[in-house]
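Quick notes on the structure that follows.
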Amino acid sequence: SYVYAFVNAIAVLIIACPCALGLATPMSVMVGVGKGAQNGVLIKNAQALELMNQIDTLIIDKTGTITEGKPSVEKIVSVGGYSESDIAGFVAALNTHSEHPLATATIKYAKMREIEIEQASNFDSVTGKGVVGELQQKKLALGNKALLDEKGINSSGKIDREIEQFQQQGKTVSYLSVAGKVEGFVVISDPVKKTSKEALTKLIEDGVEVIMLTGDNERTAKAVADEMGIAFKAGMLPQDKMLEVEKLQQQGRKVAAAGDGINDAPALAKADIGIAMGTGTDVAIESAEITLVKGDLKAVLKARKLSDKVMANIKQNLFFALIYNSIGVPIAAGVLYPFFGILLSPMIAALAMSFSSVSVIANALRLRAARLS
């Protein structure tokens, strides 16, 4: 009896060992993260994988997220005594201190036309509005209407109406004032990514509400939002975007925020899941849990599908980790011995325990063959 008891005790200890239970979740997450990387989706932590398929609201930026993020100067207009080349020179001089994609476009424009670029002094960036500085002892301001209002600069109705026509086409327009007077404006176009419309349509069909929050003006934002078929809010500063995310979360929403710039970083950090465009700034990428390497919104769909598959795989692994133990422990303890004389050999118990780990690993590796597109 002592021998039987000792053998059964060893069998119970072996079969009850929860090795596979410790592998169930980490294996699925590890393979899932690798699968995501192969598909251009870099995942910073396991929590992002867990929450991604629960997201019901997506907040997105316009420039560099829906659009290419490669703006180009379409037109420079002089409305005062300066020539178009002078206006281009002033704009480029202010933007030499800025890393914004719109700034890069204006500098490129000036260089292509061999316009001498000076450096403005006393440069300051006004978040969500534009930039100011001094050149040739003249105060310069380049930005949107809100910047002009802040500086107490007036623009004529004729100029505003001309600018509105460009904005209704989805163009971004920045006013340039010299010594407190509007002297011209620059029209910048940034084409919508070919895949944005398809990706956003599928997300909406999947039950996700998509809202575009942009610092751009109402007319430009509306032109892009109408094309995409989504809701929008314009003139949003970084703190406004963050407060909007917080407001949605207080309503019980699971919110993901996607963006590529410094202005988007607070919203990305506040959201349940921050999604950064890999083509964007380091600050945005650092603030996000998921990075889309190519900056393609279709990768958001891949991330959601990957999340579904990983969570399903984890549940399957937990089943494999527990089923052998659940069946084996009572048998090893001798529950069948009084009726059928059956005992579980320690060798069979060791085999079953090993097989549970093999089952978990093999099942997790199936994720490598999963189709995300």
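Residues that are open to solvent by 20 Å² or more (accessible area, probe 1.4 Å) and without any contact (Cβ under 8 Å) to a residue 40 or more places away in the chain number at least 3 in the following strands (runs of 3 or more DSSP E) confined to the range 98-215: 121-126.
Restricting to the range 344-373, name every residue that is in a helix (DSSP H, G or I) and either touching a Gly at 6+ places or on another chain (Cβ under 7 Å) or open to solvent by less than 50 Å² (accessible area, probe 1.4 Å) (or both). Give the derivation first.
Initially, the range 344-373 is screened for residues in a helix (DSSP H, G or I), giving 346-369.
Within the range 344-373, Pro346, Ala349, Ala350, Ala352, Met353, Ser356, Ser357, Ser359, Val360, Asn363, Ala364, Leu367 qualify.
Among all residue pairs at least 6 apart or on different chains, which show Cβ distances below 7 Å where the first residue, located in the range 268-296, is under 21 Å from Asn39 (Cα atoms) and acidic (Asp, Glu) and the second is modelled with pLDDT of 90 or more and open to solvent by 50 Å² or more (accessible area, probe 1.4 Å)? Listed by first residue and then by second, the contacts come to Glu289/Lys44. Among the residues of the range 42-71, those that are aliphatic (A, V, I, L, M) and outside any loop (DSSP other than H, G, I, E, B) comprise Leu42, Ile43, Ala46, Ala48, Leu49, Leu51, Met52, Leu58, Ile59, Ile60. Looking at (1) in contact with a helix residue (DSSP H, G or I) (Cβ under 9 Å, 6 or more places away or on another chain); (2) more than 29 Å from Ile211 (Cβ to Cβ); (3) open to solvent by 50 Å² or more (accessible area, probe 1.4 Å); (4) not in a loop (DSSP other than H, G, I, E, B), can you tell me which one Glu74 breaks? So the condition that Glu74 fails would be (2). Here the condition is being surrounded by fewer than 16 Cβ atoms within 10 Å (Cβ to Cβ) and either part of a helix (DSSP H, G or I) or of a type outside the set (A, V, I, L, M) (or both); of Ala37, Ala88, it holds for Ala37 alone. In the set (1) modelled with pLDDT under 95; (2) of a type outside the set (Asp, Glu); (3) outside any helix (DSSP H, G or I), Lys222 fails one condition alone, (3). Of all residue pairs spaced 6 or more apart or on separate chains, those with beta-carbon atoms under 6 Å, a first member in the range 301-318 that is closer than 19 Å to Ile55 by Cβ and a second member that is surrounded by fewer than 17 Cβ atoms within 10 Å (Cβ to Cβ) and among the charged types (D, E, K, R) are Leu301/Lys202. Inside the range 46-83, residues that are touching a Leu at 6+ places or on another chain (Cβ under 8 Å) and farther than 21 Å from Pro266 by Cβ make up a count of 2. Counted as qualifying within the range 246-343 are the helices (runs of 4 or more DSSP H) with 2 or more residues that are of a type in the set (A, V, I, L, M), modelled with pLDDT of 90 or more and surrounded by fewer than 21 Cβ atoms within 10 Å (Cβ to Cβ), namely 298-332.
The values are calculated or read from the model by the stated rules, or taken from the named source; none is laboratory data. Everything numeric in this text was worked out from a predicted model, so none of it was measured. As a convention, Cβ positions derive from the backbone with ideal geometry for all residues, glycine included, and neighbour counts pool all protein chains shown. Only protein heavy atoms, including side chains, enter the accessible area calculation; ligands, DNA and RNA are left aside. Shrake-Rupley method; radii C 1.70, N 1.55, O 1.52, S 1.80 Å.
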